[in-house]
Amino acid sequence: MLPTIQIGPAALPTRPLIWLLAFYAGLWLAERVAARRGLAGDALWNAGFLGLGGGLIGGRLAYVLGHWAAYRSDLGAIFSLRPGALSLGWALAIGCAVALVYLSRRGLLSVALADAAMPGLALALALISLGNLLSGDAYGIPSDAPWAIDLWEARRHPVQAYEALSLLAVLAVLWRRRSGAPPGQAIWILVLGYGLARWLWEPLRAESWLWPGGYRGWQVIGLVAAVTALWVLTRAAAAMPARAESVDPNIPTRVRPAPPHTSDRE
Amino acid sequence: MRSNWRRIALIGGFVILGLIWIQLGRAPADSASAPLSVSPRIGFLAPDFTLDRSDGETVTLSDLQGQAVILNFWATWCAPCRAEMPALERVYQARRDNGLVILGVNQMEPKERVERFLAEVEVTFPIALDLDAEVGRIYRVHAMPTTYFIDRQGVIRDVVIGGPLNEALLQSKIGALLGE
């Protein structure tokens, strides 16, 4: 386990460093894919960094407002660079909102751009899972498996690694998508892959968001997301061959007209 | 039409498989009341220890159960550690009557050096001397300052690596410890 990373004289906490690395790597990959498809890759960088800034400010403000009694007599502390005073959920929500508003106001928000961003998002999520493995967060339940790791006074499932591998598999699928795939397909592939990963590995996590009856909330949500994505993807796939069946099946094969030239279909 | 039914059958089969795994993956009924393990990790019981204090007394962490504890690992050569001492002292003075204890755990420094430092800085919260850094090792201290926030039941509620901590941040973490 590596709770801190030594950089010169400074020992920096691993988790926020990995989150920043994941953010940068995900954005880099998204920009590359977008540029390859002739989309506004630069806009993704701008949106990402605006979202990062907006998220940090919003997350700090949310934390301060939630603990106003502590901050009202020390207003200067609001501007402290101490990273501990941050509401993570609000930071993510506000950051995403800022990025989406930026893209929307420039008329760049499109399904095609979202599709292009999905490999980057899969990479970022995989790196975050690996970061959890390094920092000891999101750890697994005790296990006797030969590949179990020593963590927090027990041998445990390396559930962070299972998740990372699942997301890398999703990334591989997204990377191999052909360029003529239907718009939105990449989004649903990521939803399917990540939903499956949460559904499959959540019972091996030591800490879960529990619903009444002991049901694991993220596991249920993962299944619902995966089933929805599977429905959408299979429906789209089922619709595709119908476009090719444009000839009368009663006409014998020998005199069946040749299919139209490929360029006519585009 | 046939492909529609195949699709529905595929998805239906997956839903059934999914529900079976969800059922098998339910948390045990007694998981919420299961005894916590001891580990230097949020949500776990704080590892117990006994150390000599700078004033000649000894301190045992488990003796402080029933009070909220801020465990602050520090050293005199650590600039952020020195910088946050006044904030720790102000918070200690403000909340000690509410059941807060701040325990500074000095890492691997001779008693005389610590005493010289305390004569300059004037903190009144207890300072423990971890001369061989054994407690620091148990608590996986890799950087200083590292601060553990422990509630009245002895459970670690937060860990902050680095500093200096300001008074507002300390106050924002203390409320949860004291059950406010």
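The values are calculated or read from the model by the stated rules, or taken from the named source; none is laboratory data. Keep in mind that this is a model prediction, so the values were computed, not measured. Cβ sites come from the backbone with ideal geometry, for glycine too, and all protein chains shown count toward neighbours. Ligands, DNA and RNA are stripped out before the accessible areas are found, and what is left, the full protein with its side chains, is counted by its heavy atoms. Shrake-Rupley method; radii C 1.70, N 1.55, O 1.52, S 1.80 Å.
Name every residue in segment A:1-21 that is open to solvent by 60 Å² or more (accessible area, probe 1.4 Å), within 11 Å of chain B (Cβ to nearest Cβ) and closer than 11 Å to A:Gly131 by Cα, in order of residue number.
Within segment A:1-21, A:Met1, A:Leu2, A:Arg15, A:Pro16 qualify.
When you scan segment B:90-180 for helices (runs of 4 or more DSSP H) that lie fully inside it, which ones turn up with 1 or more residues that are crowded, with 18+ Cβ neighbours inside 10 Å and facing chain A (nearest Cβ under 10 Å)?
Helices (runs of 4 or more DSSP H) meeting the threshold: B:167-177.
What are the residue pairs meeting all of these: first residue in segment A:154-166, first residue buried (at least 22 other Cβ atoms within 10 Å of the Cβ), second residue part of a helix (DSSP H, G or I) and of a type in the set (A, V, I, L, M), Cβ atoms under 6 Å, and 6 or more apart or on different chains?
Close Cβ pairs satisfying both conditions: A:His157/A:Leu204; A:Val159/A:Leu204; A:Gln160/A:Leu133; A:Glu163/A:Ala197.
Just one of (1) under 16 Å from B:Asp151 (Cα atoms); (2) in contact with a Ser or Thr (Cβ under 7 Å, 6 or more places away or on another chain); (3) of a type in the set (D, E, K, R) trips up B:Glu109, so point out which.
Failing condition for B:Glu109: (1).
Could you tell me whether segment A:15-27 includes any residue that is touching a strand residue (DSSP E or B) at 6+ places or on another chain (Cβ under 7 Å) and under 27 Å from A:Tyr194 (Cβ atoms)?
yes
Test A:Gly89 against the criterion of being surrounded by fewer than 19 Cβ atoms within 10 Å (Cβ to Cβ), away from chain B (no Cβ under 14 Å), modelled with pLDDT under 95 and not in a helix (DSSP H, G or I), and give yes or no.
no
Here is a list of conditions, (1) more than 14 Å from A:Ala40 (Cα to Cα); (2) open to solvent by 30 Å² or more (accessible area, probe 1.4 Å), and A:Ala112 meets all of them except one; can you say which number that is?
Going through (1) more than 14 Å from A:Ala40 (Cα to Cα); (2) open to solvent by 30 Å² or more (accessible area, probe 1.4 Å) one by one, A:Ala112 breaks only (1).
Looking at (1) in a helix (DSSP H, G or I); (2) in contact with an Asp or Glu (Cβ under 9 Å, 6 or more places away or on another chain), which is the one condition that is false for A:Tyr102?
(2)
In contact (Cβ under 8 Å) with a residue 60 or more places away in the chain, under 26 Å from A:Gln185 (Cβ atoms) and open to solvent by less than 40 Å² (accessible area, probe 1.4 Å): is that true of A:Ala43 in this structure?
Yes.
Looking only at segment A:194-238, how many residues end up being farther than 20 Å from B:Gly12 by Cβ and at the interface with chain B (Cβ under 10 Å from one of its Cβ atoms)?
Summing the residues that are farther than 20 Å from B:Gly12 by Cβ and at the interface with chain B (Cβ under 10 Å from one of its Cβ atoms) in segment A:194-238 gives 14.
Just one of (1) closer than 18 Å to A:Leu171 by Cα; (2) at pLDDT below 90; (3) not hydrophobic (A, V, I, L, M, F, W, C) trips up A:Tyr24, so point out which.
Among (1) closer than 18 Å to A:Leu171 by Cα; (2) at pLDDT below 90; (3) not hydrophobic (A, V, I, L, M, F, W, C), A:Tyr24 violates only (2).
Is one or more of the residues making up segment A:141-149 within 20 Å of B:Ala27 (Cβ to Cβ), of a type in the set (Gly, Ala, Ser), touching a Pro at 6+ places or on another chain (Cβ under 7 Å) and touching a residue at least 12 places away in the same chain (Cβ under 8 Å)?
Within segment A:141-149, not a single residue is within 20 Å of B:Ala27 (Cβ to Cβ), of a type in the set (Gly, Ala, Ser), touching a Pro at 6+ places or on another chain (Cβ under 7 Å) and touching a residue at least 12 places away in the same chain (Cβ under 8 Å).
Determine, yes or no, whether A:Trp147 is more than 14 Å from chain B (Cβ to nearest Cβ), closer than 30 Å to B:Arg137 by Cβ and open to solvent by 20 Å² or more (accessible area, probe 1.4 Å).
yes
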